[in-house]
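Okay, structure first, notes after.
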Amino acid sequence: MTDPATIGTLVATSLSIAADETIKGVVSEAAKDAYRALKEKVAHWVGGDVEALEKAPASVNRRALIAEAVDGQPINERAMVKTLAAVLVAALKSRHDGPIGLDIGKLNALSVQLDAINVTEGTGVHIDEVITLGEFRAGPINVGPSPGKTDR
(Lines give C-alpha, C1' and ligand atoms only; values in the text may rest on other atoms or scores of the structure.)
Protein backbone atom coordinates (compact mmCIF):
# COMPACT_ATOMS: atom_id res chain seq x y z
CA MET A 1 0.00 0.00 0.00
CA THR A 2 1.28 3.47 -0.83
CA ASP A 3 1.89 6.05 1.87
CA PRO A 4 -1.09 8.47 1.76
CA ALA A 5 1.15 11.43 2.67
CA THR A 6 3.66 11.41 -0.19
CA ILE A 7 3.89 13.73 -3.17
CA GLY A 8 3.69 10.68 -5.41
CA THR A 9 0.36 9.68 -3.89
CA LEU A 10 -0.96 13.22 -4.29
CA VAL A 11 0.09 13.27 -7.94
CA ALA A 12 -1.25 9.79 -8.75
CA THR A 13 -4.57 10.50 -7.04
CA SER A 14 -4.90 13.87 -8.78
CA LEU A 15 -4.25 12.25 -12.15
CA SER A 16 -6.77 9.51 -11.39
CA ILE A 17 -9.53 11.94 -10.38
CA ALA A 18 -8.84 14.21 -13.35
CA ALA A 19 -8.87 11.26 -15.75
CA ASP A 20 -12.22 10.11 -14.40
CA GLU A 21 -13.71 13.62 -14.55
CA THR A 22 -12.35 14.12 -18.08
CA ILE A 23 -13.97 10.87 -19.23
CA LYS A 24 -17.28 12.14 -17.82
CA GLY A 25 -16.76 15.42 -19.68
CA VAL A 26 -17.32 17.61 -16.64
CA VAL A 27 -14.01 19.49 -16.42
CA SER A 28 -13.25 23.09 -17.29
CA GLU A 29 -10.63 24.17 -19.81
CA ALA A 30 -8.39 25.22 -16.91
CA ALA A 31 -8.64 21.72 -15.45
CA LYS A 32 -7.89 20.16 -18.84
CA ASP A 33 -4.80 22.36 -19.22
CA ALA A 34 -3.60 21.57 -15.68
CA TYR A 35 -4.23 17.85 -16.22
CA ARG A 36 -2.32 17.89 -19.51
CA ALA A 37 0.67 19.67 -17.91
CA LEU A 38 0.89 17.22 -14.99
CA LYS A 39 0.30 14.21 -17.21
CA GLU A 40 3.06 15.21 -19.64
CA LYS A 41 5.55 15.78 -16.83
CA VAL A 42 4.81 12.46 -15.10
CA ALA A 43 4.73 10.51 -18.39
CA HIS A 44 8.46 11.14 -18.78
CA TRP A 45 9.02 8.95 -15.71
CA VAL A 46 6.34 6.30 -16.07
CA GLY A 47 5.74 6.04 -19.80
CA GLY A 48 2.49 4.28 -20.63
CA ASP A 49 1.32 4.00 -17.03
CA VAL A 50 -0.32 7.44 -17.22
CA GLU A 51 -2.24 6.40 -20.35
CA ALA A 52 -3.23 3.15 -18.65
CA LEU A 53 -4.48 5.14 -15.64
CA GLU A 54 -6.59 7.27 -18.00
CA LYS A 55 -8.31 4.11 -19.21
CA ALA A 56 -8.79 2.71 -15.70
CA PRO A 57 -8.80 5.69 -13.27
CA ALA A 58 -9.87 3.53 -10.32
CA SER A 59 -6.82 1.23 -10.62
CA VAL A 60 -5.12 1.21 -7.22
CA ASN A 61 -2.14 -0.70 -8.63
CA ARG A 62 -1.59 1.81 -11.43
CA ARG A 63 -1.76 4.71 -8.97
CA ALA A 64 0.76 2.93 -6.73
CA LEU A 65 3.20 2.50 -9.65
CA ILE A 66 2.93 6.16 -10.56
CA ALA A 67 3.27 7.27 -6.92
CA GLU A 68 6.39 5.18 -6.48
CA ALA A 69 7.96 6.59 -9.65
CA VAL A 70 7.22 10.17 -8.61
CA ASP A 71 8.53 9.61 -5.09
CA GLY A 72 11.78 8.28 -6.59
CA GLN A 73 12.50 11.57 -8.36
CA PRO A 74 14.86 14.27 -7.06
CA ILE A 75 13.33 16.72 -4.60
CA ASN A 76 13.20 19.59 -7.11
CA GLU A 77 11.24 17.43 -9.56
CA ARG A 78 8.84 16.33 -6.81
CA ALA A 79 8.32 19.96 -5.82
CA MET A 80 7.48 20.84 -9.43
CA VAL A 81 4.88 18.08 -9.81
CA LYS A 82 3.44 18.91 -6.37
CA THR A 83 2.79 22.43 -7.65
CA LEU A 84 1.26 21.08 -10.87
CA ALA A 85 -0.97 18.72 -8.86
CA ALA A 86 -2.09 21.59 -6.59
CA VAL A 87 -3.06 23.65 -9.65
CA LEU A 88 -4.98 20.66 -11.02
CA VAL A 89 -6.83 20.05 -7.76
CA ALA A 90 -7.78 23.74 -7.52
CA ALA A 91 -9.07 23.68 -11.11
CA LEU A 92 -11.10 20.54 -10.44
CA LYS A 93 -12.63 22.06 -7.30
CA SER A 94 -13.62 25.26 -9.07
CA ARG A 95 -15.52 23.50 -11.85
CA HIS A 96 -18.76 23.10 -9.94
CA ASP A 97 -21.27 25.79 -10.82
CA GLY A 98 -24.36 23.73 -10.07
CA PRO A 99 -25.64 21.82 -7.08
CA ILE A 100 -23.25 19.74 -5.00
CA GLY A 101 -24.51 16.74 -3.07
CA LEU A 102 -21.61 15.83 -0.81
CA ASP A 103 -18.40 17.86 -0.64
CA ILE A 104 -15.64 16.29 1.48
CA GLY A 105 -12.18 17.81 1.51
CA LYS A 106 -10.42 14.77 2.97
CA LEU A 107 -11.88 11.37 3.79
CA ASN A 108 -9.93 8.65 5.58
CA ALA A 109 -12.12 5.66 6.43
CA LEU A 110 -11.95 1.89 6.36
CA SER A 111 -15.07 1.85 4.19
CA VAL A 112 -17.59 4.30 2.78
CA GLN A 113 -21.33 3.84 2.33
CA LEU A 114 -23.36 6.48 0.51
CA ASP A 115 -27.13 6.45 0.34
CA ALA A 116 -29.31 8.47 -2.05
CA ILE A 117 -28.11 12.05 -2.56
CA ASN A 118 -30.56 14.43 -4.28
CA VAL A 119 -29.61 18.09 -4.50
CA THR A 120 -31.39 20.49 -6.83
CA GLU A 121 -29.67 23.66 -5.61
CA GLY A 122 -26.89 24.68 -3.26
CA THR A 123 -24.73 22.24 -1.34
CA GLY A 124 -26.16 19.26 0.49
CA VAL A 125 -23.30 18.62 2.91
CA HIS A 126 -19.84 20.20 3.19
CA ILE A 127 -17.26 18.53 5.43
CA ASP A 128 -13.63 19.63 5.56
CA GLU A 129 -12.19 16.40 6.94
CA VAL A 130 -13.37 12.98 8.07
CA ILE A 131 -11.07 10.54 9.82
CA THR A 132 -12.55 7.33 11.19
CA LEU A 133 -11.23 3.87 11.91
CA GLY A 134 -14.55 2.41 10.91
CA GLU A 135 -17.17 3.07 8.28
CA PHE A 136 -18.23 6.49 7.00
CA ARG A 137 -21.94 6.68 6.12
CA ALA A 138 -23.83 9.52 4.49
CA GLY A 139 -27.39 9.84 3.28
CA PRO A 140 -30.05 10.01 2.40
CA ILE A 141 -29.47 13.69 1.59
CA ASN A 142 -32.20 15.84 0.03
CA VAL A 143 -31.61 19.56 -0.51
CA GLY A 144 -33.67 22.08 -2.46
CA PRO A 145 -37.06 21.75 -4.05
CA SER A 146 -37.96 18.54 -5.82
CA PRO A 147 -37.39 18.73 -9.57
CA GLY A 148 -40.45 20.12 -11.33
CA LYS A 149 -41.86 21.76 -8.18
CA THR A 150 -42.30 25.52 -8.09
CA ASP A 151 -43.37 27.97 -5.41
CA ARG A 152 -46.65 29.61 -6.42
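Using r as the Cβ-Cβ distance of Q113 and W45, and R0 as 22 Å, what FRET efficiency do you calculate, to the nearest 0.05?
Details: r = 36 Å, r/R0 = 1.65.
Efficiency computed from Cβ-Cβ geometry: 0.05.
Looking at the chain as a GNM with Cα springs under 10 Å, which of A43, A19, A34 has the largest mean-square fluctuation?
A43
Do you know the Lys pair count in the chain for C-alpha distances under 24 Å, with sequence separation 8 or more or different chains?
Total qualifying Lys-Lys pairs in the chain comes to 23.
How high is the relative contact order of the chain? Use alpha-carbon pairs under 8 Å, at least six apart in sequence, and give a whole percent.
Numbers: 216 pairs, mean separation 34.4, N = 152.
About 23 percent, as a whole number.
Using a 1.4 angstrom probe and counting only protein chains, how large is the accessible area of T132 in Å², to 10?
Ignoring ligands and nucleic acids, T132 comes out at about 50 Å².
Among R78, R137, R63, determine the one that fluctuates most according to a GNM of the chain built with springs between C-alpha atoms less than 10 Å apart.
Comparing R78, R137, R63 in a Gaussian network model of the chain, the most mobile one is R137.
For the charge dipole of the chain, defined by +1 on Lys and Arg C-beta atoms and -1 on Asp and Glu C-beta atoms about the Cα centroid, which residue among A12, L92, P140 has the Cα displaced farthest towards the positive pole?
L92
Taking 0.36 nm per intervening residue step and subtracting the Cα-Cα distance, what contour gain separates D33 from D128 on full extension?
On the way: separation 95, 0.36 × 95 = 34.20 nm, distance 2.64 nm.
Additional length available on full extension: 31.6 nm.
Over the Cα atoms of segment 60-135, what Rg and Dmax result, in angstrom?
16.3, 47
The values are calculated or read from the model by the stated rules, or taken from the named source; none is laboratory data. These numbers were taken from a predicted model, which means no experiment stands behind them. Neighbour counts run over all protein chains shown; Cβ positions are idealised from the backbone, glycine included. Note: accessible area is taken over every heavy atom of the protein model, side chains too, but ligands, DNA and RNA are not part of it. Shrake-Rupley method; radii C 1.70, N 1.55, O 1.52, S 1.80 Å.
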